[in-house]
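What follows is a short report on a single structure.
The values are calculated or read from the model by the stated rules, or taken from the named source; none is laboratory data. What you see is a predicted model; the values in this text were computed from it and never measured. Virtual Cβ from ideal backbone geometry, glycine too; neighbours counted across all protein chains shown. Note: accessible area is taken over every heavy atom of the protein model, side chains too, but ligands, DNA and RNA are not part of it. Shrake-Rupley method; radii C 1.70, N 1.55, O 1.52, S 1.80 Å.
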Amino acid sequence: MDLGIRGRRALVCASSKGLGLGCARALADAGADLVMNARSAGPLEAAAESLRTTYGTTVVTVAADITDESDRAQVLEIAGSVDILVTNAGGPPPGLWQDWEREDFIRALDANMLTPIALMKALVPGMMERGWGRVVNITSQSVKAPVPVLGLSNSARAGLTGYVAGTARQVAPYGVTINNLLPGLHATDRADALDRAVAETGGISLDEARAQRFATIPARRYGTPKEFGAACAFLCSQHAGFIVGQNILLDGGAVNATL
Ligand code: NAP
(Lines give C-alpha, C1' and ligand atoms only; values in the text may rest on other atoms or scores of the structure.)
Protein backbone atom coordinates (compact mmCIF):
# COMPACT_ATOMS: atom_id res chain seq x y z
CA MET A 1 0.00 0.00 0.00
CA ASP A 2 1.30 3.48 -0.86
CA LEU A 3 1.12 5.39 2.43
CA GLY A 4 0.96 8.74 0.61
CA ILE A 5 3.80 10.33 2.60
CA ARG A 6 6.61 10.26 0.02
CA GLY A 7 8.68 13.43 0.49
CA ARG A 8 7.08 14.32 3.85
CA ARG A 9 9.60 15.33 6.53
CA ALA A 10 9.56 13.28 9.75
CA LEU A 11 11.32 13.84 13.08
CA VAL A 12 11.73 10.52 14.89
CA CYS A 13 13.13 10.97 18.40
CA ALA A 14 15.24 8.35 20.21
CA SER A 15 15.61 6.35 17.03
CA SER A 16 19.08 4.78 16.79
CA LYS A 17 17.74 1.48 18.15
CA GLY A 18 14.63 -0.43 19.14
CA LEU A 19 11.11 0.84 18.55
CA GLY A 20 12.21 4.32 17.44
CA LEU A 21 14.45 2.80 14.76
CA GLY A 22 11.56 0.50 13.72
CA CYS A 23 9.43 3.63 13.16
CA ALA A 24 12.21 5.47 11.30
CA ARG A 25 12.78 2.46 9.05
CA ALA A 26 9.09 2.09 8.16
CA LEU A 27 8.77 5.82 7.44
CA ALA A 28 11.89 5.71 5.24
CA ASP A 29 10.42 2.70 3.42
CA ALA A 30 7.31 4.81 2.76
CA GLY A 31 9.48 7.54 1.21
CA ALA A 32 9.59 10.09 4.04
CA ASP A 33 12.72 12.18 4.64
CA LEU A 34 14.00 11.80 8.17
CA VAL A 35 15.51 13.67 11.05
CA MET A 36 16.75 11.04 13.52
CA ASN A 37 17.89 11.59 17.09
CA ALA A 38 19.62 9.71 19.93
CA ARG A 39 22.27 10.64 22.52
CA SER A 40 25.19 8.54 21.21
CA ALA A 41 26.43 9.79 17.84
CA GLY A 42 28.07 6.54 16.63
CA PRO A 43 25.07 4.17 16.68
CA LEU A 44 22.81 7.00 15.47
CA GLU A 45 24.94 7.70 12.39
CA ALA A 46 25.26 3.95 11.69
CA ALA A 47 21.46 3.54 11.81
CA ALA A 48 20.96 6.60 9.58
CA GLU A 49 23.49 5.37 7.04
CA SER A 50 21.78 1.99 6.82
CA LEU A 51 18.45 3.73 6.05
CA ARG A 52 20.07 6.01 3.45
CA THR A 53 21.63 3.01 1.74
CA THR A 54 18.53 0.81 1.88
CA TYR A 55 15.84 3.36 1.00
CA GLY A 56 17.73 6.18 -0.73
CA THR A 57 16.04 8.66 1.56
CA THR A 58 17.52 11.86 3.04
CA VAL A 59 18.42 11.40 6.72
CA VAL A 60 19.73 14.16 9.00
CA THR A 61 21.00 13.11 12.44
CA VAL A 62 21.12 15.12 15.67
CA ALA A 63 22.99 13.54 18.59
CA ALA A 64 21.26 15.07 21.62
CA ASP A 65 19.35 14.22 24.78
CA ILE A 66 15.76 14.88 23.76
CA THR A 67 14.73 15.23 27.43
CA ASP A 68 17.16 18.13 27.99
CA GLU A 69 15.79 21.58 27.17
CA SER A 70 18.84 23.01 25.40
CA ASP A 71 19.59 19.77 23.52
CA ARG A 72 15.94 19.66 22.44
CA ALA A 73 16.17 23.25 21.17
CA GLN A 74 19.08 22.14 18.97
CA VAL A 75 17.05 19.20 17.60
CA LEU A 76 14.12 21.52 16.84
CA GLU A 77 16.35 24.07 15.13
CA ILE A 78 17.93 21.47 12.86
CA ALA A 79 14.60 19.72 12.20
CA GLY A 80 12.86 22.96 11.12
CA SER A 81 9.34 22.37 9.76
CA VAL A 82 8.24 18.77 10.00
CA ASP A 83 5.05 17.08 8.82
CA ILE A 84 5.42 13.99 11.02
CA LEU A 85 6.60 13.81 14.64
CA VAL A 86 7.29 10.56 16.47
CA THR A 87 8.09 11.19 20.13
CA ASN A 88 10.12 8.69 22.11
CA ALA A 89 12.75 8.56 24.88
CA GLY A 90 14.15 5.95 27.23
CA GLY A 91 11.76 4.65 29.87
CA PRO A 92 12.20 5.26 33.62
CA PRO A 93 13.97 2.60 35.75
CA PRO A 94 12.00 -0.15 37.53
CA GLY A 95 11.61 -0.17 41.31
CA LEU A 96 9.16 -0.38 44.18
CA TRP A 97 6.49 2.15 45.00
CA GLN A 98 8.15 3.34 48.21
CA ASP A 99 11.57 3.85 46.54
CA TRP A 100 10.75 6.98 44.59
CA GLU A 101 11.20 10.55 45.78
CA ARG A 102 10.03 13.81 44.23
CA GLU A 103 13.20 14.10 42.11
CA ASP A 104 12.61 10.62 40.58
CA PHE A 105 9.08 11.66 39.60
CA ILE A 106 10.31 14.96 38.15
CA ARG A 107 12.86 13.09 35.98
CA ALA A 108 10.20 10.63 34.74
CA LEU A 109 7.69 13.41 34.06
CA ASP A 110 10.35 15.41 32.20
CA ALA A 111 11.33 12.46 30.01
CA ASN A 112 8.02 10.75 29.32
CA MET A 113 5.40 13.50 29.64
CA LEU A 114 6.82 17.03 29.41
CA THR A 115 9.30 16.26 26.58
CA PRO A 116 6.64 14.99 24.14
CA ILE A 117 4.40 17.90 25.15
CA ALA A 118 7.22 20.41 24.47
CA LEU A 119 7.87 18.79 21.06
CA MET A 120 4.18 18.97 20.15
CA LYS A 121 3.95 22.60 21.30
CA ALA A 122 6.91 23.47 19.08
CA LEU A 123 5.90 21.55 15.94
CA VAL A 124 2.11 21.21 15.82
CA PRO A 125 1.43 24.94 15.14
CA GLY A 126 3.38 24.68 11.84
CA MET A 127 1.46 21.52 10.90
CA MET A 128 -1.83 23.33 11.62
CA GLU A 129 -0.80 26.29 9.47
CA ARG A 130 0.04 23.95 6.59
CA GLY A 131 -3.20 21.96 7.12
CA TRP A 132 -1.58 18.54 7.53
CA GLY A 133 0.35 16.77 10.24
CA ARG A 134 0.79 13.50 12.10
CA VAL A 135 2.02 12.94 15.65
CA VAL A 136 2.61 9.51 17.16
CA ASN A 137 3.75 9.24 20.76
CA ILE A 138 5.41 5.99 21.82
CA THR A 139 4.00 5.34 25.30
CA SER A 140 3.42 1.90 26.87
CA GLN A 141 0.90 -0.82 27.61
CA SER A 142 1.34 0.35 31.21
CA VAL A 143 -1.14 3.11 30.36
CA LYS A 144 -3.91 0.49 30.02
CA ALA A 145 -2.68 -2.08 32.54
CA PRO A 146 -0.15 -1.04 35.19
CA VAL A 147 3.20 -2.81 35.34
CA PRO A 148 3.77 -2.76 39.13
CA VAL A 149 7.59 -2.36 38.97
CA LEU A 150 7.27 0.51 36.50
CA GLY A 151 5.40 2.96 38.74
CA LEU A 152 7.31 5.96 37.37
CA SER A 153 6.37 4.98 33.81
CA ASN A 154 2.74 4.24 34.78
CA SER A 155 2.46 7.72 36.28
CA ALA A 156 4.24 9.85 33.67
CA ARG A 157 2.69 8.16 30.65
CA ALA A 158 -0.81 8.40 32.12
CA GLY A 159 -0.24 12.18 32.33
CA LEU A 160 0.77 12.37 28.65
CA THR A 161 -2.26 10.27 27.70
CA GLY A 162 -4.59 12.73 29.41
CA TYR A 163 -2.95 15.67 27.63
CA VAL A 164 -3.20 13.99 24.22
CA ALA A 165 -6.87 13.06 24.71
CA GLY A 166 -7.91 16.71 24.85
CA THR A 167 -5.27 18.20 22.55
CA ALA A 168 -5.88 15.75 19.70
CA ARG A 169 -9.46 17.00 19.48
CA GLN A 170 -8.35 20.64 19.43
CA VAL A 171 -5.93 20.23 16.51
CA ALA A 172 -7.96 17.73 14.43
CA PRO A 173 -9.94 20.50 12.64
CA TYR A 174 -6.62 21.63 11.10
CA GLY A 175 -5.76 18.27 9.52
CA VAL A 176 -3.39 17.26 12.32
CA THR A 177 -3.81 13.92 14.10
CA ILE A 178 -2.22 12.93 17.40
CA ASN A 179 -2.31 9.31 18.55
CA ASN A 180 -0.40 7.12 20.98
CA LEU A 181 1.11 3.71 20.27
CA LEU A 182 1.29 1.49 23.35
CA PRO A 183 3.99 -1.18 23.10
CA GLY A 184 3.69 -4.35 25.10
CA LEU A 185 6.83 -6.47 25.29
CA HIS A 186 9.05 -6.05 22.23
CA ALA A 187 12.43 -7.57 21.43
CA THR A 188 14.71 -4.57 22.05
CA ASP A 189 17.57 -3.65 24.41
CA ARG A 190 14.97 -2.26 26.81
CA ALA A 191 13.22 -5.65 26.95
CA ASP A 192 16.61 -7.31 27.58
CA ALA A 193 17.23 -4.96 30.51
CA LEU A 194 13.80 -5.75 31.98
CA ASP A 195 14.40 -9.51 31.46
CA ARG A 196 17.64 -9.15 33.41
CA ALA A 197 15.84 -7.30 36.22
CA VAL A 198 13.22 -10.10 36.43
CA ALA A 199 16.02 -12.71 36.51
CA GLU A 200 17.91 -10.86 39.26
CA THR A 201 14.86 -10.16 41.40
CA GLY A 202 13.57 -13.74 41.08
CA GLY A 203 17.02 -15.41 41.36
CA ILE A 204 16.43 -17.24 38.04
CA SER A 205 18.30 -17.50 34.73
CA LEU A 206 17.77 -15.07 31.86
CA ASP A 207 16.15 -17.83 29.77
CA GLU A 208 13.78 -18.68 32.61
CA ALA A 209 12.90 -15.01 33.02
CA ARG A 210 12.20 -14.72 29.30
CA ALA A 211 10.10 -17.92 29.27
CA GLN A 212 8.07 -16.54 32.20
CA ARG A 213 7.43 -13.32 30.30
CA PHE A 214 6.53 -15.11 27.02
CA ALA A 215 3.96 -17.15 28.97
CA THR A 216 2.10 -13.92 29.85
CA ILE A 217 1.59 -13.08 26.15
CA PRO A 218 -1.12 -14.94 24.17
CA ALA A 219 1.09 -14.62 21.03
CA ARG A 220 3.84 -16.39 23.09
CA ARG A 221 6.61 -14.15 21.80
CA TYR A 222 7.82 -10.56 21.93
CA GLY A 223 6.74 -8.10 19.26
CA THR A 224 9.33 -6.87 16.75
CA PRO A 225 10.44 -3.30 15.99
CA LYS A 226 9.45 -4.00 12.36
CA GLU A 227 5.82 -4.73 13.30
CA PHE A 228 5.78 -1.71 15.59
CA GLY A 229 7.23 0.54 12.89
CA ALA A 230 4.64 -0.60 10.35
CA ALA A 231 1.81 0.39 12.72
CA CYS A 232 3.48 3.76 13.31
CA ALA A 233 3.91 4.43 9.58
CA PHE A 234 0.24 3.63 8.98
CA LEU A 235 -0.80 6.12 11.69
CA CYS A 236 1.44 8.68 9.95
CA SER A 237 -0.04 7.91 6.55
CA GLN A 238 -2.47 9.75 4.34
CA HIS A 239 -5.03 7.01 5.09
CA ALA A 240 -5.09 7.58 8.87
CA GLY A 241 -6.58 11.09 8.89
CA PHE A 242 -9.75 9.95 10.69
CA ILE A 243 -7.88 8.23 13.56
CA VAL A 244 -7.77 10.90 16.26
CA GLY A 245 -6.68 10.73 19.91
CA GLN A 246 -6.50 6.94 20.04
CA ASN A 247 -4.36 4.68 22.22
CA ILE A 248 -3.42 1.68 20.14
CA LEU A 249 -2.07 -1.34 21.95
CA LEU A 250 0.54 -3.60 20.29
CA ASP A 251 0.95 -6.31 22.88
CA GLY A 252 0.27 -9.77 21.39
CA GLY A 253 -2.96 -9.88 23.43
CA ALA A 254 -1.22 -9.46 26.80
CA VAL A 255 -3.71 -6.97 28.22
CA ASN A 256 -6.75 -9.13 29.00
CA ALA A 257 -9.59 -6.74 28.25
CA THR A 258 -12.65 -6.77 25.99
CA LEU A 259 -12.24 -3.12 24.94
P1 NAP B 1 15.82 0.79 23.37
O2 NAP B 1 15.89 -0.39 22.48
O3 NAP B 1 16.64 0.81 24.62
O4 NAP B 1 16.17 2.07 22.47
C5 NAP B 1 16.11 3.34 23.03
C6 NAP B 1 16.52 4.34 21.97
O7 NAP B 1 16.25 5.63 22.48
C8 NAP B 1 17.99 4.31 21.61
O9 NAP B 1 18.13 4.71 20.27
C10 NAP B 1 18.57 5.36 22.56
O11 NAP B 1 19.81 5.82 22.07
C12 NAP B 1 17.47 6.40 22.50
N13 NAP B 1 17.33 7.26 23.67
C14 NAP B 1 17.14 6.86 24.96
N15 NAP B 1 17.04 7.93 25.76
C16 NAP B 1 17.17 9.02 24.96
C17 NAP B 1 17.18 10.41 25.20
N18 NAP B 1 17.03 10.91 26.43
N19 NAP B 1 17.34 11.27 24.15
C20 NAP B 1 17.49 10.78 22.90
N21 NAP B 1 17.50 9.47 22.62
C22 NAP B 1 17.36 8.60 23.63
O23 NAP B 1 14.31 1.07 23.88
P24 NAP B 1 12.92 0.57 23.23
O25 NAP B 1 12.63 -0.80 23.72
O26 NAP B 1 12.88 0.88 21.81
O27 NAP B 1 11.89 1.52 24.04
C28 NAP B 1 11.45 2.76 23.54
C29 NAP B 1 10.39 3.30 24.50
O30 NAP B 1 9.28 2.38 24.54
C31 NAP B 1 10.89 3.44 25.94
O32 NAP B 1 10.32 4.59 26.52
C33 NAP B 1 10.34 2.22 26.63
O34 NAP B 1 10.14 2.41 28.00
C35 NAP B 1 9.02 2.04 25.89
N36 NAP B 1 8.54 0.65 25.97
C37 NAP B 1 9.27 -0.37 25.46
C38 NAP B 1 8.79 -1.66 25.58
C39 NAP B 1 9.57 -2.84 25.03
O40 NAP B 1 9.18 -3.99 25.31
N41 NAP B 1 10.63 -2.65 24.29
C42 NAP B 1 7.55 -1.90 26.20
C43 NAP B 1 6.83 -0.84 26.69
C44 NAP B 1 7.34 0.44 26.58
P45 NAP B 1 20.91 6.51 23.06
O46 NAP B 1 21.04 5.59 24.24
O47 NAP B 1 22.15 6.64 22.24
O48 NAP B 1 20.31 7.83 23.44
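Proximity of backbone amide H atoms, modeled 1.01 Å from N, is registered between THR177 and GLY133, ARG134, VAL135 at under 5 Å, excluding neighbours fewer than 5 places apart on the same chain. Taking amide hydrogens as placed 1.01 Å from N in the peptide plane, the amide H of ILE5 sits under 5 Å from those of GLN238, each at least 5 positions away in sequence or on another chain. Estimated from helical segments only, the mean residue ellipticity of the chain at 222 nm is -14500 deg cm²/dmol, where each DSSP H run of four or more residues counts as -39500 (n - 2.57).
With all protein chains present, how much of the accessible area of the chain (probe radius 1.4 Å) comes from carbon and sulfur, to the nearest whole percent? Of all accessible area on the chain, carbon and sulfur atoms account for 55 percent. Springs between Cα atoms under 10 Å define the GNM used for the chain, and in it the highest mean-square fluctuation of VAL147, VAL135, VAL59 occurs at VAL147.
Near VAL35, the amide H atoms lying under 5 Å from its own belong to ALA10, LEU11, VAL12, VAL60; only residues 5 or more places off or on other chains count, and H is placed 1.01 Å from N. First check a/c for segment 166-217, with a ≥ b ≥ c the square roots of the eigenvalues of its C-alpha gyration tensor; if it is under 1.5, answer rounded, and if not, answer prolate when a/b is larger than b/c or oblate otherwise. It comes out prolate by the Cα gyration axes.
Evaluating 6.51 cos²θ - 1.76 cosθ + 1.60 at θ = phi - 60° for every residue in segment 128-142, the Karplus couplings come out as 5, 4, 7, x, 7, x, 9, 10, 10, 9, 7, 10, 5, 4, 5 Hz, glycine and proline recorded as x. Backbone phi angles across segment 198-204, fed through the Karplus curve with coefficients 6.51, -1.76 and 1.60 (θ = phi - 60°), yield HN-Hα couplings of 5, 4, 5, 4, x, x, 10 Hz in residue order; Gly and Pro are listed as x. The accessible area of THR53, taken with all protein chains in place and a 1.4 Å probe, comes to roughly 100 Å². The residues of segment 147-190 present an accessible area of 36 Å² per residue when probed at 1.4 Å with all protein chains retained.
Counting only Cβ charges, +1 for Lys and Arg and -1 for Asp and Glu, the dipole size of the chain around its Cα centre is about 740 debye. Of SER205, SER81, SER153, the residue with the largest accessible area leads and the full order is SER81, SER205, SER153 (1.4 Å probe). Annotation: cysteines of the chain without a disulfide-compatible partner (Cβ-Cβ under 4.7 angstrom) are CYS13, CYS236. Per-residue accessible area (protein heavy atoms, 1.4 Å probe) orders GLU69, GLU103 as GLU69, GLU103, starting from the largest.
Shown in residue order for segment 43-48 are the 3J(HN,Hα) couplings computed by the Karplus curve 6.51 cos²θ - 1.76 cosθ + 1.60 at θ = phi - 60°: x, 5, 5, 5, 5, 4 Hz (x for Gly and Pro). Annotation note: GluC sites (Glu not before Pro) in segment 145-238 located in DSSP loop regions with a Cβ neighbour count of at most 13 within 10 Å are absent. Accessible-area rank, largest first, for TYR163, TYR174: TYR174, TYR163, with all protein chains present and a 1.4 angstrom probe. Measuring only protein heavy atoms, the 1.4 Å probe finds TRP100 accessible over about 40 Å².
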